[in-house]
Each structure stands twice: as structure tokens, then as C-alpha cells.
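Undergrad: Here it is, the structure in full.
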Amino acid sequence: QVQLVESGGGLVQAGASLRLSCAASGRTFSTYNMGWFRQALGKEREFVAAISWSGISTEYADSVKGRFTISRDNAKNTVYLQMNSLKPEDTAVYYCAARYGSWQPRIANEFDYWGQGTQVTVSS
């Protein structure tokens with residue numbers, strides 16, 4: 001069982017940066033592939049970024065590639081999402097997710113555990 005708690009969201013202007021954190025409970029965090037997804041109001045949940053359990057593999061949605069960076073610190077049971085050059089279209093609730101097993105980074109239904117989400121609002 002893994003519990004995930006996101007933090008770091010907020011209201012920023014376009015062009016600003018934010019760093020989201022996701023703290024995980026449990027001793028097996030280092031065995032989980034981790035992902036970030038987001039859901040804007042009235043839209044489907046979409047993949048943002050993912051990182052493998054070892055940190056060696058990462059993957060990004062085209063819409064955030066070059067602006068967002070996912071990382072993890074297994075010693076701290078935490079995964080991060082550094083978001084730079086934020087745009088109004090990045091406004092959404094951001095969710096952290098954990099998957100035990102094979103590398104399936106873009107498929108939300110493949111993730112086993114989810115956090116409660118943190119709101120990111122980018123004003124123009």
C-alpha cells in the first residue's frame with residue numbers, strides 16, 4: 001500500500017515556475033514507477049510526465065517537453081515535478097501516481113495509487 005500526498009501548487013503568472021512534490025508513504029517507494037497527470041476543468045485527465053523506479057527512464061507529454069522536469073529522491077520517498085515557463089494552458093489539478101510493475105508511463109489506468117491532487121493556476 002502506498003499513500004501519496006502532493007504539495008507545491010498555487011497561483012502564478014505566465015512564465016513563472018513552480019515545483020510540485022509528491023511524498024509517498026511506505027518502504028517500497030523505490031520499487032514504484034511514478035507519474036504526474038493533470039486534469040483541467042471540464043477535460044479528461046492527461047499524462048504529464050513519468051519516471052521509472054530507478055530514475056533512469058523518464059517520459060514527457062509533448063506539451064510540457066523542455067519546460068517540465070520530473071525527478072525523484074528515493075531516500076526521501078519523494079517525486080518532484082519542476083515546471084518552468086508556465087502557460088495558462090497548464091492550469092489544472094495535478095495528480096501524482098504510483099505503479100508497481102512494468103513501464104507503462106502514459107496510461108492512467110495502469111497506475112495503482114493516486115494522490116488527492118494539487119491545484120496549479122497560471123494567469124495570463
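Undergrad: Which is free of Cβ contacts under 8 Å to residues at least 24 places away in the same chain and under 18 Å from V5 (Cβ atoms), of R27, R72?
TA: Exactly one residue qualifies, and that residue is R27.
Undergrad: Separate question: Looking only at the stretch 30-76, how many residues end up being more than 16 Å from D90 (Cβ to Cβ), hydroxyl-bearing (S, T, Y) and either surrounded by 14 or more Cβ atoms within 10 Å (Cβ to Cβ) or modelled with pLDDT under 95 (or both)?
TA: From the stretch 30-76, those more than 16 Å from D90 (Cβ to Cβ) are 30-35, 50-59, 71-76; that's our starting set.
Subset that is hydroxyl-bearing (S, T, Y): 30-32, 52, 54, 57-58, 71.
Those still in the list that are either surrounded by 14 or more Cβ atoms within 10 Å (Cβ to Cβ) or modelled with pLDDT under 95 (or both) too: 30-32, 52, 54, 58, 71.
Matching residues across the stretch 30-76 total 7.
Undergrad: Return yes when Y80 is aromatic (F, W, Y), at pLDDT 95 or above and farther than 17 Å from T118 by Cβ and no when it is not. Outline the logic, then answer.
TA: Working: aromatic (F, W, Y): yes; at pLDDT 95 or above: yes; farther than 17 Å from T118 by Cβ: no.
Judged against the criteria, Y80 is not a match.
Undergrad: Something else now. Out of the stretch 79-124, which residues are in contact with a Leu (Cβ under 8 Å, 6 or more places away or on another chain), open to solvent by less than 40 Å² (accessible area, probe 1.4 Å) and over 19 Å from G42 (Cα atoms)?
TA: Y80, L81, M83, L86, C96, A97, A98, G115 - these are the residues of the stretch 79-124 that are in contact with a Leu (Cβ under 8 Å, 6 or more places away or on another chain), open to solvent by less than 40 Å² (accessible area, probe 1.4 Å) and over 19 Å from G42 (Cα atoms).
Undergrad: Also, I was wondering about something else. Which members of the stretch 71-109 meet the condition of being among the charged types (D, E, K, R) and closer than 18 Å to S52 by Cβ? Before the answer, list the steps.
TA: In the first step, residues of the stretch 71-109 are kept if they are among the charged types (D, E, K, R); the result is 72-73, 76, 87, 89-90, 99, 106.
Hits for the stretch 71-109 are R72, D73, K76, R99, R106.
The values are calculated or read from the model by the stated rules, or taken from the named source; none is laboratory data. Note that the structure is predicted; figures quoted are calculated from it, not measured. Neighbour counts run over all protein chains shown; Cβ positions are idealised from the backbone, glycine included. Remember, those area values only see protein heavy atoms, side chains included, never the ligands or the DNA or RNA. Shrake-Rupley method; radii C 1.70, N 1.55, O 1.52, S 1.80 Å.
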